[in-house]
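The structure appears right after this line, and notes come after that.
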Amino acid sequence: MERSFKSWKREVIRCIRCGACQNVCPVFSELQAESTVARGRVKLIRGVIDQELDLTEGFINKMSLCLMCKACVVNCPSGVNVDKLVEAARKEIVERKGLSPLKKLIFRLVLKNRWVFNTGMRTGQIFQGLIFRKGPNGLGMLPRMSLGIDKRRLLSPLALKPFKTIYPEVIKVPEPTMRVAFFTGCMINYIYTDTGQAVVNVLKRNGVEVVIPALQNCCGTPVRINGDYETAREMAKANIDVFLKEEVDTVVVACGTCGLSLKEEYTELLEDDPIYAEKAKKLGAKIKDFTELVVSLEGFENKMGHLPIKVTYHDPCHLVRGLKIKEQPRQIIRGIPGVSFEEMNKPDTCCGSGGSFSLYHYELSTKINDNKVQTISQTGAEVLATGCSACRMHIEDGLNRQGIGVQVMHTAQLLEMAYEAKELCGKAPLK
Ligand code: SF4
Ligand code: SF4
């Protein structure tokens, strides 16, 4: 049976109002308003459950002002799952008030339908030069007009060809040590194809055969966290069917948000489904982050050449607090000969992206991002490695705004560079 909004009362009453969440919430730290910290959101949600408050515009706005970063969750002495409560509130809003026409169009027509999404992205790739102009130093692109996106926002262009069209569905290697499927996610498929290529190249060099199922689609996170559970469930089921058909024990993911969605959130989303509840668990058990998989591969470090660069690392919220991946990327980076690794202050603080949060609340998200960019800059690093494409784009935007020349890349790209350096006998310049 579908979980009712009222049933979240059990979670709400666990809040002891201690205020510990005030010290860690990036939104509260900027706005200093009780209604924007976990404790305040919990109180508002309790008010709606107890029918003392209505779903007013103010309430809807407060629920949208959450990055879903889980900083409050891991620091809460009572373990209140604030992000789950906010998500339940957003679902209740959609059920009682409906979706806006724009969200309906994006979620139900575009993101859910692989063919429409793909066609839209390919058309967008052709016409992006009309809507966007080149960013500073030819990097990224800036909107020519508002279009609901702030004109100062630096975006990465859509890649010439989607990642899935670059490779065959099965990338064979001689005498494979293992076979994995790769869930690419939208940003790697359409924007950061360099990350996808690095994932494939690193795995190939370690004798891993990679399958890239052509019918996979968006993981559905943007749809689910905006409260459209009906569409999110359909998207989850479609991906589950696609990946369970593959004869693999591991599905590798190179994005913390997609990984968390496939590993845990599909199971929660489908827990009452008589057919898919078990299937979701089965898929969840196969999910591994790229860095988690790499450090388990025997001799992965023996292929690294010398990279004389200073590197720092940003922990994406869903990777570090969701999937608990913290040491693996550091083990890879520290293991590269010549790399000087400099830990930044509070590397797991949210970069302010929050997926669509940075589109709806750009001004606020840039303030949060400015702090992150400053801590990156203080390390003196030339390269920032991370494990999430949305963080990469948002941090690149912040670095551009502040005129700081740090190259941002996925940990897979850094490792690929180290492998190339060995093959080129230590003559590897930065890409
Ligand atoms: S830290 Fe947890 S228990 Fe304390 S006020 Fe925040 S949500 Fe409530
Ligand atoms: S999830 Fe993050 S943004 Fe939302 S209330 Fe918790 S700490 Fe604040």
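Some values worked out for this structure:
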read-out: Options 378, 328: the member that is at pLDDT 95 or above, assigned to a helix (DSSP H, G or I), away from ligand 1 (no atom under 16 Å from the Cβ) and over 30 Å from residue 82 (Cα atoms); value: 378
read-out: Checklist (1) under 22 Å from residue 103 (Cβ atoms); (2) touching a Phe, Trp or Tyr at 6+ places or on another chain (Cβ under 6 Å) applied to residue 55, failing item; value: (2)
read-out: Residue 84 being of a type in the set (Lys, Arg), assigned to a helix (DSSP H, G or I), within 14 Å of ligand 1 (Cβ to nearest atom) and under 20 Å from the mean Cα position of the chain (by Cα); value: yes
read-out: Failed item, numbered, when residue 112 is tested on (1) among the charged types (D, E, K, R); (2) in contact with a Ser or Thr (Cβ under 6 Å, 6 or more places away or on another chain); (3) within 16 Å of ligand 2 (Cβ to nearest atom); value: (3)
read-out: Within the stretch 273-311, tally of residues that are free of Cβ contacts under 8 Å to residues at least 12 places away in the same chain and either buried (at least 16 other Cβ atoms within 10 Å of the Cβ) or more than 19 Å from residue 178 (Cβ to Cβ) (or both); value: 4
read-out: Residue 316 vs. criteria away from ligand 1 (no atom under 16 Å from the Cβ), outside the structural domain of residue 24 (by TED's automatic domain parsing), within 20 Å of the chain's Cα centre (by Cα) and more than 26 Å from residue 209 (Cα to Cα); value: yes
read-out: Residue satisfying all of: in the stretch 293-342; charged (D, E, K, R) and touching a Lys or Arg at 6+ places or on another chain (Cβ under 8 Å); nearest to residue 398 (Cα to Cα) among these; value: 315
read-out: Number of positions in the stretch 30-56 that are free of Cβ contacts under 8 Å to residues at least 12 places away in the same chain, within 15 Å of ligand 1 (Cβ to nearest atom) and hydrophobic (A, V, I, L, M, F, W, C); value: 1
read-out: Residues being crowded, with 22+ Cβ neighbours inside 10 Å and polar (S, T, N, Q) - total across the stretch 384-412; value: 3
read-out: Residue list for the stretch 60-73, filter: farther than 12 Å from residue 87 by Cβ, more than 16 Å from ligand 1 (Cβ to nearest atom) and touching a residue at least 24 places away in the same chain (Cβ under 8 Å); value: 60
read-out: Pairs, first free of Cβ contacts under 8 Å to residues at least 40 places away in the same chain in the stretch 8-29, second aliphatic (A, V, I, L, M) and buried (at least 21 other Cβ atoms within 10 Å of the Cβ), C-beta under 6 Å, six or more apart; value: 22/37; 28/37
read-out: Qualifying residues in the stretch 13-26 (those that are buried (at least 19 other Cβ atoms within 10 Å of the Cβ) and within 13 Å of ligand 1 (Cβ to nearest atom)) - the one nearest to residue 275 (Cα to Cα); value: 15
read-out: Some residue of the stretch 216-229 being among the hydroxyl-bearing types (Ser, Thr, Tyr), surrounded by fewer than 23 Cβ atoms within 10 Å (Cβ to Cβ) and assigned to a helix (DSSP H, G or I); value: yes
read-out: Qualifying residue in the stretch 22-35 (condition: within 11 Å of ligand 2 (Cβ to nearest atom) and small (Gly, Ala, Ser)); value: yes
read-out: Residue 316 being in contact with a strand residue (DSSP E or B) (Cβ under 9 Å, 6 or more places away or on another chain) and either within 30 Å of residue 60 (Cα to Cα) or in contact (Cβ under 8 Å) with a residue 60 or more places away in the chain (or both); value: yes
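The values are calculated or read from the model by the stated rules, or taken from the named source; none is laboratory data. Remember, it's a predicted structure, so these values are computed and weren't measured experimentally. Heads up, the Cβs are rebuilt from the backbone with ideal geometry, glycines too, and the neighbour counts pull from every protein chain shown.
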